[in-house]
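To keep things clear, I will list the structure first and then write my remarks on it.
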Amino acid sequence: MNIKKEDITSILATDCGSTTTKAILIEKRGDEFRLIVRGEAPTTVEAPVEDVTQGVLNAVTEVGELAGRPILEDNQLIKPRKGDKGIDIYISTSSAGGGLQMMVAGVVKNMTAESAARAALGGGAIVMDTLATNDKRLPHEQIQRIRNLRPDMILLSGGVDGGTVSHVVELGEIIAAANPRPRLGISYQLPIIYAGNIKARDEIQKLLGDKTALDITDNLRPTMERENLMPSRLKIQQLFLEHVMAQAPGYKKLMAMTDVDIMPTPAAVGDIMQRISEQYNIQIVGADIGGATTDVFSVFKGVFNRTVSANLGMSYSISEVFAEAGMENVMKWVPFDMDERDLRNRIKNKMIRPTTIPQVLDELVVEQAICREALRISFDQHKALAVGLKGVQQERTIADIFSQSTGDESLVDVMTLDMIIGSGGVLSHAPRRCQSALMMMDAYLPEGITELTVDSIFMMPQLGVLAKVHPEAATQVFLKDCLIRIGTCIAPVGKAKEGKTVLKAKLKIPGGKEEELEFKYGDLKVIPLEVGATATVELHPVKGIDIGEGKGQPKTKEINGGVVGIIFDCRGRQPFELPKDKKKRIEKLQTWIDAMDIYPREGALAR
Amino acid sequence: MAHAYTPGLRVVEKTIIYKERRLPLRGTVLVKKGDKVQYDKIVARTELPGNVHMMNVVNKLNITPGEIKDCMLKKEGDPIKRDEVLAKSSSFFGLFKSICNSPINGSVESISTVTGQVVLREAPIPVEIAAYIDGIVDEVIEAEGVNVKTWGTYIQGIFGVGGEVVGDLQIVSKSVDKPLTMDDITPNLKDKIIVGGSIVTNDVIQKAKKIGIKGIIVGGLDDKDLKELLGYDLGVAITGHEEIGLTIVVTEGFGQIKMAEKTYDILKRNEGLKTSINGATQIRAGVIRPEVIVPLLERYTLEEILQEHEAKAQVGMEPGSLIRVIRKPYFGVLGKVVSLPHNLTEMESETKVRVVEVELETGEKVILPRANVETIES
């Protein structure tokens, strides 16, 4: 970067996705950085153009037109800014060509192999498969699998430093025997990262040094008690640029254009989430539900985790959501009757024509029902991976007899969760913001007090890279332009009889106004509190009901308003149940739809 | 709002078609530029490394990995036959002997003194690529494959299953709205690629398979029948590798939908001609749609095709363009673009979108999201 941070006033950032390249222009206005305009154009990595920079230039041209000032001259960026021409820095992320697809290997499935999977996911990859010596497959089956999958990169780990060498070398032998070929480019060698026992490095070098582009880094599990994922993550990102991206059409040109390294899109999103969590000391869950995949991010107690549900999405993968969730689970969110044959055909038609939009209301309702299931399943998968380290010896006292932890417990705790950030078309562009709120509430079942937000135009990737060069600018834009505050959900935990009081609340709204409220089991109510406003809420759950401080214990907290306001969700947690009887279920759904004014009462939902 | 993915399937009677025929690994190209090729001509060949067997020899011989080199009767690179002795150990002054035989014909790939594993590799697996269409070799990609050029009819379907097959084209359904029935499937259709109207069901597909029909081109297919045919619920639309005994190309979508008249008419004019079809579909970045190719090398000269090609340079959607609606509530209906209003318009679902005003074939004028129509090449 040829410019001092203090001198930066204009930033251009792009995110090259599989189908669309999105460009944003951020500029300093007064003392703070703000989003000025956004433009987009089709990504051009495929025939007939086969040059990613063409799509970037098209998107940037649109940005220039919308901003009303030139950014390009003779198809070159004007850099640095001269008066009202050009920009100071240009940065980019990329997930074009299906993103980064990796295989990981570790000796023990739920120890080093699991750590390797976490490192790859954190580095921005999709994990195609995890090999382990105890994964119940025979060596020839593992070899066949490596050959068939053709990953972009393999991360090999195994053994603590100084421990047994033979197990991890055996994995190396399997990879060497498979002689894997990369997905892109017929003539280059497959990058392999070795991040295992340091004592086995020489053997691994002998086995894989000539056959592959081997790179050795620090052990990702140097001891049983410690995970050291950062060196592997950084190595993944470095090799992603040097090997994988360099094979993609036009990327060498794009790399020359940017002021800092191009990052894999999900890695950039992870970075910005960690930064926000650290800065505000909050626990976050974020989801990006796309057409093909759903990414889930979380930061709990300072530990960052990311998972990708590679085949759960709203268009290309919509059928997979339906297949995995089952008809019954999808239909339980739909407040009218549908013929199975018709529903199946509709979903498949969306899959084969992924860019179509629900024109009529019943189609929107069905898509949002499928979204709930995609979010729910991907969140379950995330919770299963975001766990403590397994295989760790723990010192136990007599008190632990009744609460033994095996490391299987998820770090994700919906009671301590402070904020949910939703992203992706179905959440960011829902016709009513309350629809996004209810989809996230139904899928994640947040407990206690949780703020609900969406990313307005999915600019978290660009802000993630920006944070590397100008963290203040990234945070300012994130809070002012990226995050849309929908409201705060207050959900008491516990079971009670329908219609019985479960929670009393005292609300102190700005201006000194106080309101006393009482909620019954089954209630869903909205109290408006506008964006930017805060209120102090004093919560008194009844005996047996928990709002975060233990059963029956009161809690007071300052909460944020939003487009929708404060949502008291007393529909029940642990368990949250819908009536089994179809008629009763539909009645219940309709009551909630009315309580939050979710849909217009037209078409299939007419009264 | 720009669209990254422009819907609109190619349905053209006369065009130039290129097909890349590439090997999965580097190998040998067997034809040269300018060669005339038939669909079954092998154009390139290579060998995939053989399957691998891993044997833990030290466990079998009850020795330590450090001793393995002394016990091996074969070294790395040596050929070996099935049941041939690979390694031998003796203990207690040669009194007790253990041997380890090879389970395969192949060669010794590696011997590990760390793990005691011996890797054996079977003979290489030959891979050949055929031309798939009748045409002319237009380009040779050194050691990787060729580009075959032909001219004729090119029709893209919306979804398909099954891989590349070639057969003579036969129209079976009498009109675009007629479903393919059990009675339609007769023994004289063996080895043919048949054309149906609005829908085909799994029992009809099973009968077609039994008779030996190579492929079916049809307007619609029910998802329930697809599930029965495949034996599983298709989650992600990446197809082409199914081994179901024939190939299916669906031109319109899921459900009972009449085949577009234009597609049907073109196919009818090509009846009896050799036709190459492929059901492979991939609806992700790098969209692949199933295809029907009828080479017309004998019927037209390249010059005649070129004239047509230039005259019909594709334009975007504009008033007068023919379109097909691809989502409810008018799914499958054809129409003509009346206007393309500029402003975003709110739909019944309250979604605000760019729209198109369309006069449907019924005469009704409607406003639809632009994303919910596809242009039909005329």
Of A:553, A:250, A:426, which is farthest along the charge dipole of chain A in the positive direction, counting Lys and Arg as +1 and Asp and Glu as -1 at C-beta? A:553
Note down the net charge around residue A:382, summing +1 for each Lys or Arg and -1 for each Asp or Glu among other residues with Cβ under 13 Å from its Cβ. 0
Amide H contacts of residue B:191 (H built 1.01 Å from N, under 5 Å, at least 5 apart or other chain): B:213, B:214
Rounded to two decimal places and with Rh computed the Kirkwood way over Cα pairs, what is Rg over Rh for the stretch B:38-77? 1.38
Please compute, for peptide A:422-431, the average count of beta-carbon atoms on other protein chains lying within 10 Å of each residue's beta-carbon. 1
DSSP beta bridges in the protein assembly as shown, what fraction antiparallel, as a percent rounded to 5? 75 percent
Bins of 10 Å, beginning at zero and ending with the bin holding the largest distance: percent of Cα pairs per bin for the stretch A:504-576, please. 18, 52, 27, 3
Considering the options B:232, B:263, B:179, tell which one lies farthest towards the positive end of the dipole of chain B, charges being +1 on Lys and Arg and -1 on Asp and Glu at the Cβ, about the Cα centre. B:232
Report the label-to-label distance for residue B:97 and residue A:582 in nanometres (one decimal), using points 7 Å from each Cα along the Cα→Cβ vector. 7.7 nm
Would you mind calculating the relative contact order of the stretch A:99-253 from Cα pairs under 8 angstrom and at least 6 residues apart, reporting the percent as a whole number? 25 percent
Mean projected area (nm²) from the convex hull of Cα positions in chain B is 26.5 nm²
Once you charge only the Cβ atoms, +1 for Lys and Arg and -1 for Asp and Glu, what is the size of the charge dipole of the stretch B:199-352 about its Cα centre, to the nearest 20 debye? 240 debye
With only alpha-carbon pairs counted, each pair once and no self-pairs, how large is the Kirkwood hydrodynamic radius of the stretch B:322-375 in angstroms? 11.0 Å
Quick P(r) readout (the stretch A:23-146; Cα-Cα; 5 Å bins; whole %) gives 2, 9, 14, 14, 10, 9, 9, 8, 8, 7, 5, 3, 1, 0
At R0 = 35 Å, FRET efficiency that the Cβ-Cβ distance of residue A:413 and residue A:606 yields, to 0.05: 0.25
Kirkwood hydrodynamic radius (Cα pairs, Å) of the stretch A:303-365? 12.9 Å
Checking the a/c ratio against 1.5 first, then a/b against b/c, what shape does the Cα gyration tensor give for the stretch A:415-472? oblate
Rounded to the nearest 20 debye, what is the charge dipole size of the stretch B:151-223 about its Cα centre when +1 sits on each Lys and Arg Cβ and -1 on each Asp and Glu Cβ? 220 debye
Of B:117, B:150, A:534, farthest towards positive along the dipole that unit charges on Lys, Arg, Asp, Glu beta carbons give the protein assembly as shown: B:117
Per-pair calculated FRET efficiency, R0 = 56 Å: residue B:141 and residue A:225 via Cβ, rounded to 0.05: 0.60
Along the stretch A:343-358, Karplus-curve 3J(HN,Hα) (6.51, -1.76, 1.60; θ = phi - 60°) to the nearest Hz, with x for Gly and Pro, reads 4, 4, 5, 4, 5, 5, 5, 5, 5, 7, 10, x, 8, 6, 10, x
Quick one: pull the percentage of alpha-carbon pairs in the stretch B:57-97 with a separation above 13 Å. 56 percent
Viscosity 1.002 mPa s, temperature 20 °C: what is the translational diffusion coefficient of the stretch B:247-301 from Stokes-Einstein with a Kirkwood Rh over Cα pairs, rounded to a whole number of µm²/s? 164 µm²/s
Charge dipole (debye, nearest 20) of chain A; +1 at Cβ of Lys and Arg, -1 at Cβ of Asp and Glu: 740 debye
For the stretch B:52-122, what is the relative contact order in percent, using Cα pairs closer than 8 Å and at least 6 residues apart in sequence? 41 percent
First check a/c for the stretch A:552-607, with a ≥ b ≥ c the square roots of the eigenvalues of its C-alpha gyration tensor; if it is under 1.5, answer rounded, and if not, answer prolate when a/b is larger than b/c or oblate otherwise. oblate
Return P(r) of the stretch B:19-168 (all Cα-Cα pairs; 5 Å bins starting at 0; whole %; ordered from short to long distances). 2, 9, 14, 13, 10, 8, 7, 7, 8, 7, 6, 5, 3, 1, 1, 0
What order do you get for B:121-128, B:254-261 when each peptide is scored by the mean count of other beta carbon atoms within 10 Å, highest first? B:254-261, B:121-128
Determine by what factor the alpha-carbon radius of gyration of the stretch B:52-122 differs from 2.2 N^0.38 Å, reporting the quotient. 1.02
Enclosed volume per residue, in Å³, of the convex hull spanned by Cα atoms of the stretch A:207-345: 229 Å³
So which trypsin sites (Lys or Arg not before Pro) in the stretch A:265-321 are both in a DSSP loop and have at most 10 other Cβ atoms within 10 Å of their Cβ? A:301
If you line up the Cα atoms of the stretch A:5-96 on their principal axes, what length do they span on each, largest first, in Å? 43, 25, 22
Determine the shielding of peptide A:158-168 by partner chains: average, over its residues, the number of Cβ atoms on other chains within 10 angstrom of each Cβ. 1
Sequence order, the stretch A:306-316: Karplus ³J(HN,Hα) from phi using 6.51 cos²θ - 1.76 cosθ + 1.60, θ = phi - 60°, Hz rounded, Gly and Pro as x, gives 9, 9, 10, 9, 5, 10, 10, x, 9, 10, 3
DSSP beta bridges in the stretch B:158-289, what fraction antiparallel, as a percent rounded to 5? 40 percent
The stretch A:99-253: percent of C-alpha pairs farther apart than 23 Å? 27 percent
Per-residue HN-Hα couplings for the stretch B:155-165 [Karplus 6.51, -1.76, 1.60; θ = phi - 60°; Hz; x = Gly/Pro]: 10, 9, x, 9, 7, x, 9, x, x, 6, 9
Full-extension gain in nm, residue A:534 to residue A:148, via 0.36 nm per residue minus C-alpha separation: 133.5 nm
Rounded if a/c under 1.5, otherwise prolate or oblate - the stretch B:158-289, Cα gyration tensor axes: rounded
Distance in nm between residue A:49 and residue A:506 label points, each 7 Å along Cα→Cβ, equals 6.1 nm
Quote the convex hull volume per residue of chain A, based on C-alpha atoms, as a whole number of Å³. 184 Å³
Per-residue average of other protein chain Cβ atoms inside 10 Å, peptide A:170-179 -> 5
Residues residue B:301 and residue A:340, FRET efficiency given R0 of 41 Å [Cβ-Cβ distance, rounded to 0.05]: 0.20
Just grab the label-to-label distance for residue B:183 and residue A:256, each label 7 Å out from Cα along the Cβ direction, in nm (one decimal). 7.0 nm
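Throughout, read-outs are computed from the coordinates displayed, never taken from laboratory work. Computed from a prediction, not measured in an experiment: that's the story for all the values here. For neighbour counting, all protein chains shown are included, and Cβ atoms are generated from backbone atoms with ideal geometry for every residue, glycine included.
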